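Bear in mind that the values in this text are calculations on the coordinates, not laboratory data. What you see is a predicted model; the values in this text were computed from it and never measured. A quick note on method: Cβ atoms are made from the backbone with ideal geometry, for glycine too, and the neighbour counts reach across all protein chains shown.
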Amino acid sequence: MGNAQDRPPGSGGERNRPNQARAGTRGANAENPRSHHGAQKGSANGTPIHNSAVTREEPSSPPEEDKSYLDAPAGALPPHLARLKNEGNHLFKNGQFGDAIEKYAQAIEGCAEAGVDSPEDLCILYSNRAACYLKDGNSTNCIQDCTKALELQPFSLKPLLRRAMAFESLERYRKAYVDYKTALQLDTGVQAAHDSVHRITKMLIEEDGPDWREKLPEIPLVPLSVQQQHRNKPMTEEQAQTRATRAAHEEARIREAKFTLLKQEGNDLVKKGCFKEAAEKYTQCLALQPNECAVYTNRAICFLKVNRFEEARQDCDSALELEPSNKKAFYRRALAHKGLKDYLSASTDLQEVLQLDPNVSEAEQELETVTGLLRKSLMDGTAKV
């Protein structure tokens, strides 16, 4: 009766119950909001019932992200600025260029506030932020940051290359050309710079004619001491890998070009009937690319023409190892066997040719000839078995 008097007349609903009562109910179950519900259903006839929602194991939390990279050394920067730079580098690698820009900006401002006097570290911060701007398509800000970096450290390679790319994207080709040429004085192995110079040169010739060089800004001459200092810098693992990859590609390109030239020279010599000289060209080809089936069959015909039948047979064997269904190799090996007076093997190879292609008339004619020679050798007792 006493409790009933506390309720306002009319409705006995939950929403009109005093807030304290409801809060008290919730407060009693603050650790687990479901425990009140569980208390109502937690026993039956005095026997406890386990609530699976309460007793089940919580899923294990994911492992914490490794952030040890934040404490990596960063030149002469104090630890709190080094962490900002390292975080910016991490964000850049993950494609978060806008966030990386923010970190580099904080590090640059922090250097001014802390009175850090390290042109090299500031140059890197500006250059790194410029790389972010370039990735984000903000070429104007990229140029500004690269220029600041180069004021701090004249003739730094990365700011030169990044500013050149930004100038090129804005179609300021003369300035891009100058920066690329300056960068190549420091490192002649930057293939992207060579490619860009070649591309821009063609555009400037079309635009300005034969006197295009006269309209260029002056290209700074990098002092020999700076060039030497740059070359003596120890390469990072990434730079070493890039250089090794570039060298391997260049070597492969040179080998391919040399191979193509030698093969063409060999083909031309065959047309002229210079079979010995042609065979030498094909031998040089195989030293460069030993798995070229066509070169073996080409050299085989040269050996046939100068009666070097055993060598011709060996070349056809090599060709057939690479291409087991090569008609030319079977046909030319048949001719080599014929020259070696092994008519049975020659007949077998010619039949193989006709099985692969019944329309090879030369093989039909040779098979008739070889069959006659084989019959004669059997009669004379000179057949090779």
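At a glance:
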| item | result |
| --- | --- |
| Radius of gyration and Dmax over the Cα atoms of the stretch 266-323, both given in Å | 10.3, 30 |
| Tensor-based shape of the stretch 219-369 (alpha-carbon gyration tensor, a/c under 1.5 rounded, otherwise prolate or oblate) | prolate |
| Residue 377 versus residue 216: modelled label distance in nm, points set 7 Å from Cα along the beta carbon direction | 7.0 |
| Zone of residue 287's modelled label, taken as backbone nitrogen in the stretch 246-274 under 20 Å from a point 7 Å along Cα→Cβ | 251-270 |
| Neighbour net charge for residue 115 - beta-carbon separation under 14 angstrom, K R +1, D E -1 | -4 |
| Listed pairs 148/215; 305/328; 258/327; 93/135; 158/202 exceeding 18 Å between Cα atoms | 148/215; 258/327; 158/202 |
| Mean projected area (nm²) of the alpha-carbon convex hull when the stretch 279-362 is viewed from all directions | 5.0 |
| Shape parameters for the stretch 343-383, alpha-carbon atoms, Rg then Dmax in Å | 10.8, 33 |
| Rounded to whole Å, sorted largest first: equivalent-ellipsoid semi-axes of the stretch 243-297, Cα gyration tensor | 26, 10, 7 |
| The stretch 116-183, Cα convex hull volume normalised per residue, Å³ | 62 |
| Cα-only Debye scattering, the stretch 185-293: base-10 log of I(q)/I(0) at q = 0.17, 0.19, 0.21 Å⁻¹ | -0.93, -0.99, -1.08 |
| Per-residue ³J(HN,Hα) for the stretch 303-311, Karplus 6.51 cos²θ - 1.76 cosθ + 1.60, θ = phi - 60°, Hz, x for Gly and Pro | 5, 4, 5, 10, 6, 9, 5, 5, 5 |
| In nm, spacing of pseudo-spin labels at residue 112 and residue 226 (7 Å Cα→C-beta vector) | 2.5 |
| Values of log10 I(q)/I(0), in the order q = 0.21, 0.22 Å⁻¹, for the stretch 67-157 under a Debye, Cα-only, solvent-free model | -0.99, -1.08 |
